[in-house]
Amino acid sequence: MVVEARDCISYMPDECLSVIFQSLSRRWLMIEGQSCHRLSLNAQADLLPLVPMLFTRFDSVTKLALKW
């Protein structure tokens, strides 16, 4: 039995595809944040205010390397 592959995406409206890919993008960022255990940053004075946001985004980081 041969089953033809159909391209269902070409029949979907752009608005529908946009919603799907936005949802996938958010999910991908969440998975990436949970799987990142090491973070390497260039140490700069203006980095300090962003540190809490970085640890919120990458909540599984256990090792932080600061480069000069």
Using beta carbons and a limit of 9 Å, which pairs, at least six apart or on different chains, have the first residue in the stretch 5-28 and closer than 28 Å to Arg57 by Cβ and the second one among the hydrophobic types (A, V, I, L, M, F, W, C)?
Leu17/Ile9; Ile20/Met12
Could you tell me which of the residues Ser40, Ser18 is under 18 Å from the mean Cα position of the chain (by Cα), among the small types (Gly, Ala, Ser) and farther than 30 Å from Asp7 by Cα?
Ser40
Condition (residue is loosely packed, with under 11 Cβ neighbours inside 10 Å and aromatic (Phe, Trp, Tyr)) applied to the stretch 52-67: is it met by at least one residue?
no
Any residue in the stretch 51-67 that's within 15 Å of Ser35 (Cβ to Cβ) and at pLDDT 85 or above: show its pairings with residues that are of a type in the set (S, T, N, Q) and not in a strand (DSSP E or B) at Cβ separation under 9 Å, as long as the two are six or more apart or on different chains.
Phe58/Gln34; Asp59/Gln34; Ser60/Gln34; Ser60/Ser35
For the stretch 36-58, what are the residues that are within 19 Å of Arg26 (Cα to Cα) and either in contact with a Gly (Cβ under 6 Å, 6 or more places away or on another chain) or among the small types (Gly, Ala, Ser) (or both)?
Arg57, Phe58
So how many residues does the stretch 29-48 have that are under 19 Å from Ser60 (Cβ atoms) and surrounded by 11 or more Cβ atoms within 10 Å (Cβ to Cβ)?
9
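The values are calculated or read from the model by the stated rules, or taken from the named source; none is laboratory data. Computed from a predicted structure; not experimentally measured. Positions of Cβ are generated from backbone atoms using ideal geometry, with glycine treated the same way; all protein chains shown enter the neighbour counts.
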